[in-house]
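Working notes, structure below.
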Amino acid sequence: MISFQATDEELAFVEVAKDFAKDRIRVLARTSENHLKVKEDLSEEAMELSFLSLELPEAWDGLELPLISQVQILKALSYGDLGIVQGFPSAGDAASLFRCLSEHTELQTIKATYLANTDHPSALVDLTDTEKPFGNTITVRNNNGDYILNGTTEPVRLAQFAETIVVFARDNEDVAVVLLLNDQEWLVEDGDYRIGLLASGLGKLKFNHVSTGKILAKGKEAERLIEKVQTRNYILQAAKQNGLMEAALDYATQYTAERKAFGQEIAKFQGVSFKIAKMAMETRIVNHLIWNAAIKVDEGSFEAFSLALRALHRAHKGVRFVTDAAVQLLGGHGFIQEFPVEKWMRDAQAQVALYGSEREFLARRGAALLEEQGQVSVE
Amino acid sequence: MISFELSEQQKQIKEMTHWFAENEIRPIALEADKLGKVPDEWLQQVNRMGIQLNTSSFSGGKGSSTGKKKREREGNRMGVLATEEMAWGDPAITLSLPGAGLGGPPIESSGTPEQKERFLSIFTTDKPRWGAYALTEPEAGSDASGVRTTARKVDGGYILNGQKIFITNGGRASWVVVFATVDSKLGRAGQRAFVVEKGTPGFSCTKLVKKMGLRANETAELLLEDCFVPTEYLLGGEEFYDSSDSKPSGFQVAMKTFDSTRPIVASMAIGIARAAYEYTLDMVKKEYPKQGKYFYLASEILAEAEEDIQAARLLTWEAAWMADMGIANAKEAAMCKAYAGQMALDVCAKSLELLGPTGLDGHLVEKLFRDVKVFDIFEGTNEIQHLVIARRQYAPFGVRV
Ligand SMILES: Cc1cc2nc3c(=O)[nH]c(=O)nc-3n(C[C@H](O)[C@H](O)[C@H](O)COP(=O)(O)OP(=O)(O)OC[C@H]3O[C@@H](n4cnc5c(N)ncnc54)[C@H](O)[C@@H]3O)c2cc1C
């Protein structure tokens with residue numbers, strides 16, 4: 001039955017997340033950005049409240065929540081500040097991989113750290129798109145069963161803090177592989193990051209002849225695994241972006257309701273109120289497309305990957321539009337750091353740059369549609 | 001639990017209406033557009049089958065509520081699902097289907113039991129009949145408070161004088177819900193809704209207008225000249241207006257219906273967009289190269305169109321779900337209508353872009369493009385929907401925009 005009603009448990013969890021976002025995350029956003037790191041006590045609180053282990057498997061002491069629940073909680077958290085949510089020292093984008101391969105022997109030492117309740121930040125490097133400009137300076141060579149990595153990645157989230165790195169790649173014979181690095185040596189290039197997500201540990205990973213024998217998957221199996229993890233990550237990222245959208249929408253609504261010009265609240269000018277209406281629609285649309293995709297993942301539908309592309313495409317477009325509009329509606333005040341919206345616009349742009357090109361998502365989704373038979377998928 | 005899965009009943013109605021749209025409506029779509037009307041024999045035949053347009057909820061959806069457990073109300077969701085399919089077949093024909101049409105919701109929401117019985121029971125299978133909704137006037141469109149048609153109280157009823165324009169199915173309707181004012185100085189509070197029957201002396205259809213699209217659907221101008229309407233035809237009865245004191249009651253009757261009709265109109269726009277999209281997808285599959293510049297161009301355009309269609313659909317489902325749950329949905333109803341109306345035109349334009357000059361010559365998409373524009377205008381223009389959304393958005397801050 002078509003229903004937009006969250007379960008009682010979801011509502012309760014979201015309420016806790018939203019309070020935490022407003023009372024704790026939002027107030028620490030600027031300081032975390034300035035320190036280039038989330039304040040430790042905040043990370044600890046987030047961990048205690050289980051916000052960092054929503055995706056992790058139960059066997060690892062995670063909550064292993066369905067995606068439809070996670071997207072609601074992540075949205076609520078990111079309402080506080082996306083920069084902080086992206087900077088929590090967590091399994092990050094590797095969490096989905098840990099969930100899919102929780103029993104893999106190579107992962108048991110990492111599992112042990114989680115069971116011991118210590119944080120163990122991880123980064124995920126996706127090198128599978130070998131045509132991507134800038135991304136192809138790195139090589140992954142199969143050397144009699146071991147893999148040798150050479151080169152420098154593009155900026156990756158949590159790179160500065162990561163104790164484990166998961167690599168998705170195609171090797172020199174164009175075979176897909178998923179590799180694990182944790183006791184090897186790699187370097188993190190200090191960069192000059194200013195645009196946004198500054199607390200998220202952005203950095204380029206530099207591999208100088210790094211060799212690993214820890215192969216989590218290979219060939220067809222790796223391809224399937226990569227797609228599964230990408231699907232989940234696209235949706236989880238989209239949900240975070242949606243939280244940022246809602247924050248910007250609410251902030252701009254309140255501001256324009258109070259700010260006066262030409263003798264009245266600026267909300268009374270349609271150039272203003274109609275923009276707010278558009279922001280509200282776009283925020284809701286992104287929410288619904290995310291839910292649509294999340295449900296399909298939870299059902300294990302073959303459509304899930306394609307719907308995740310759709311959700312993230314719209315979330316990218318939406319978060320850019322809404323955060324830009326928020327700055328615009330605050331006028332000069334939007335541009336200065338005494339108000340949060342300038343940061344949100346910067347964070348949004350950094351986020352969409354990190355998580356894939358909108359046009360590319362569309363092209364891939366379109367190619368999938370052209371292959372499919374029949375109508376627009378409803379369910 | 002959040003779910004976008006259709007219930008059994010919803011699946012059935014979707015399949016049934018799709019079958020009908022595909023096999024009965026679509027085959028005559030281009031012909032009806034050319035003729036400027038839906039063929040009478042077709043309407044008679046369809047009416048005998050019991051197919052009607054009911055904009056508050058689809059008439060096939062009531063079901064018998066047997067058993068102790070009360071079934072969740074799903075009429076609004078069924079309504080939007082069915083309407084999308086029908087409009088996918090053809091929107092002008094859908095709007096011409098017999099039934100109370102846009103006149104149904106005000107009677108259902110504000111009519112007395114006797115009025116409901118009298119006006120809603122006439123839609124039987126012996127002969128096609130229509131209802132209509134007449135709010136718009138030459139000087140009152142978006143600003144419905146500007147209605148100038150007057151209602152003067154006389155013994156046993158009211159005398160109506162004025163003109164109504166752009167009334168869907170207004171000429172053929174057996175009755176029309178007409179909005180008039182008892183005292184223009186009272187503004188909205190002076191408004192009343194009457195049901196005026198066809199053939200009432202002083203009530204006439206003066207013109208059928210020619211349009212860019214939706215050509216098969218009748219759009220009429222109506223004239224009321226010293227037209228006497230008995231008190232029993234005042235919607236809700238006189239007490240209804242007394243009891244609501246100085247509240248703008250007739251105006252509220254007009255506005256309240258939008259919360260259920262806007263999702264229906266949105267779903268029509270979605271049906272049109274989907275028709276254009278599917279037609280184009282099919283053509284691209286057949287005619288476009290499988291790689292290279294044109295393939296990527298088509299992939300991106302189609303993916304964006306499909307995404308936009310689903311975005312509009314989910315907004316519409318949400319508004320309909322809220323209506324079924326009894327949750328206030330004015331904002332969501334406006335959101336889905338605003339988004340779907342604009343999206344649908346955009347999808348039709350994108351489809352024409354992909355078809356190129358070929359699309360201009362005898363292809364369905366050309367017609368859909370002409371049909372779709374009005375979905376961003378009637379039932380409240382795009383701008384008015386934005387206003388409704390913005391008002392709801394600012395309400396918590398006590399600012400009225
Ligand atoms: C095919 C068709 C069928 C129709 N069917 C019916 C029917 O069955 N019954 C019925 O009663 N009516 C019907 N209508 C009328 C329709 O609802 C009106 O045309 C519509 O509400 C707009 O009114 P208007 O044409 O007077 O435009 P106006 O109100 O004059 O609007 C002109 C422009 O000004 C904008 N505008 C107006 N007010 C504002 C504002 N406050 N802020 C910003 N912009 C504003 C509008 O959005 C629009 O862009 C139909 C119209 C058509 C074309």
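The values are calculated or read from the model by the stated rules, or taken from the named source; none is laboratory data. Every value quoted in this text rests on a predicted model; they were computed, and no experiment measured them. Virtual Cβ from ideal backbone geometry, glycine too; neighbours counted across all protein chains shown. These area figures cover heavy atoms from the full protein model, side chains too; ligands, DNA and RNA do not enter into them. Shrake-Rupley method; radii C 1.70, N 1.55, O 1.52, S 1.80 Å.
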*How would B:THR17, A:THR109 line up by accessible area, probe 1.4 Å, largest first?*
A:THR109, B:THR17
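Report the calculated FRET efficiency for A:ASP146 and A:ALA116 (r = Cβ-Cβ distance, R0 = 35 Å), to the nearest 0.05.
Values: r = 29 Å, r/R0 = 0.83.
Calculated value: 0.75.
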*Using a Förster distance of 25 Å, how high is the FRET efficiency between B:SER184 and B:LYS207, based on the Cβ-Cβ distance and rounded to 0.05?*
0.50
_Lys, Arg +1 and Asp, Glu -1 on Cβ, resulting dipole of the range A:239-379 about Cα centre, debye, nearest 20_ = 400 debye
*What residues of the range B:274-313 lose no less than 50 Å² of accessible area with every protein chain in place versus their chain by itself (probe 1.4 Å, heavy atoms only)?*
B:LYS285, B:GLU300, B:ALA303, B:GLU304, B:GLU306, B:GLU307, B:GLN310
*Within 10 Å of each Cβ in peptide B:337-348, how many partner chain Cβ atoms are there on average? Round it to a whole number, please.*
1
*Take the Cβ-Cβ distance between A:THR137 and A:ARG359 as r, set R0 to 25 Å, and report the resulting FRET efficiency rounded to the nearest 0.05.*
0.65
_Contact surface B-A: accessible area buried, both sides summed, square angstrom, 1.4 angstrom probe_ = 5300 Å²
*Inter-probe distance in nm under a simple model that places probes 7 Å from Cα toward Cβ, at B:ASP282 and B:SER3*: 3.2 nm
*What does the average come to when, for each residue of peptide A:263-272, you count the partner chain Cβ atoms lying within 10 Å of its Cβ?*
3
*Please state the relative contact order of chain B as a whole percent: Cα pairs under 8 Å, 6+ residues apart?*
17 percent
_Based on alpha-carbon centroids, what's the gap between the range A:1-65 and the range B:341-392 in Å, whole number please?_
41 Å
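Could you do me a favour and compute the accessible area per residue for chain B, 1.4 Å probe, result in Å²? All intermediate terms of the calculation are to be shown ahead of the outcome.
Numbers: 16360 Å² over 401 residues.
Computed with neighbouring chains in place, this is 41 Å² per residue.
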_³J(HN,Hα), Karplus 6.51/-1.76/1.60, whole Hz, each residue of the range A:32-37, x for Gly, Pro_ = 5, 4, 5, 7, 6, 6
*Where does each of B:GLU239, B:GLU307, A:GLU358 land when they are ordered by accessible area, with a 1.4 Å probe and the largest first?*
B:GLU239, A:GLU358, B:GLU307
*Top positive-direction residue, dipole computed over the range A:222-371 with Cβ charges, set A:GLY271, A:ALA363, A:TYR251*: A:GLY271
*asked:* Rolling a 1.4 angstrom probe over the protein chains, ignoring ligands and nucleic acids, what is the accessible area of B:LYS153 in square angstrom, nearest 10?
replied: 110 Å²
_Nearest-10 value in Å² for the accessible area of B:LEU95, using the 1.4 Å probe_ = 20 Å²
*asked:* What is the angle, in °, between the Cα long axis of helix A:304-330 and the longest principal axis of the Cα atoms in chain A? Nearest 10 is fine, range 0 to 90.
replied: 40 degrees
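For every other residue with a beta carbon closer than 14 angstrom to the beta carbon of B:GLN163, add +1 if it is Lys or Arg and -1 if Asp or Glu, then tell me the sum. Don't skip to the answer; put the middle values down first.
Details: positive: B:ARG148, B:LYS164, B:LYS207; negative: B:GLU137, B:GLU139, B:GLU221, B:GLU225, B:ASP226.
Within the 14 Å Cβ shell, the charges total -2.
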*Could you work out how far apart the two model spin labels at A:GLU9 and A:GLU338 are, taking each label as a point 7 Å from the Cα in the direction of the beta carbon, and quote it in nm?*
4.7 nm
*asked:* Can you give me the distance in nm between label points at B:ASP40 and B:ARG148, each placed 7 Å from the Cα along the Cα-to-Cβ direction?
replied: 3.6 nm
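Please tell me the relative contact order of the range A:122-218 in percent, rounded to the nearest whole number, where contacts are Cα pairs under 8 Å and at least six residues apart. If you can, show how the numbers build up before the last one.
Values: 212 pairs, mean separation 33.3, N = 97.
With pairs under 8 Å counted, the relative contact order is 34 percent.
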*Any idea of the accessible area per residue across chain A, 1.4 Å probe, to the nearest Å²?*
40 Å²
*Under the Karplus curve 6.51 cos²θ - 1.76 cosθ + 1.60, θ = phi - 60°, whole-Hz ³J(HN,Hα) for the range A:203-219, x wherever Gly or Pro sits*: x, 8, 8, 10, 10, 10, 6, 7, 10, 9, x, 8, 9, 7, 6, 8, x
*Computed magnitude of the charge dipole of the protein assembly as shown (debye, nearest 20; Cβ of K, R +1, Cβ of D, E -1)*: 2060 debye
*asked:* Placing unit charges on C-beta atoms (Lys and Arg positive, Asp and Glu negative, everything else neutral), compute the dipole magnitude of the range A:183-255 about its Cα centre in debye, rounded to 20.
replied: 340 debye
*Quick one: accessible surface of A:CYS100, probe radius 1.4 Å, all protein chains present, in square angstrom to the nearest 10.*
40 Å²
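I'd like the mean, over residues of A:311-322, of how many other protein chain beta carbons sit within 10 Å of each residue's own Cβ.
That works out to 1 on average.
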*Calculate how steeply helix B:26-35 sits against the longest principal axis of the alpha-carbon atoms of chain B, using the helix alpha-carbon long axis, and give the answer as 0 to 90 degrees to the nearest 10.*
60 degrees
_If you average the alpha carbon positions of the range B:191-210 and of the range B:153-178, how far apart do those two centres end up, in angstrom?_
4 Å
*Given the options A:VAL38, A:VAL16, A:VAL125, state which has the largest fluctuation in a GNM of chain A using a 10 Å cut-off (strictly under) for Cα springs.*
A:VAL16
_Mean residue ellipticity (222 nm) of the protein assembly as shown, computed from DSSP H runs ≥ 4 via -39,500 (n - 2.57), nearest 500_ = -16000 deg cm²/dmol
*Answer with one residue from B:PHE295, B:ALA334, B:LEU81: the one whose Cα lies farthest towards the positive end of the charge dipole of chain B, charges on Cβ with Lys, Arg +1 and Asp, Glu -1.*
B:ALA334
*Report, to the nearest whole %, how much of the accessible area of the protein assembly as shown belongs to carbon and sulfur atoms, 1.4 Å probe, protein only.*
52 percent
*asked:* Just want to confirm a number: the relative contact order over chain A, from Cα pairs under 8 angstrom separated by 6+ residues, in percent.
replied: 16 percent
*By the scheme Lys and Arg +1, Asp and Glu -1, what is the net charge of all other residues having a beta-carbon under 11 Å from that of B:PRO138?*
-1
*Please give the net charge around A:HIS288, taking every other residue with its beta carbon less than 10 angstrom from that of A:HIS288, where Lys and Arg add +1 and Asp and Glu add -1.*
+2
*Leaving ligands, DNA and RNA out of it, rank B:ARG274, A:ARG259 by accessible area with a 1.4 Å probe, largest first.*
A:ARG259, B:ARG274
*Treating cross-link reach as a plain straight distance, find the aspartates and glutamates whose alpha-carbon is under 16 Å from the alpha-carbon of B:LYS34, omitting any fewer than eight places away in the same chain.*
B:ASP90, B:GLU218, B:ASP361, B:GLU366, B:ASP371
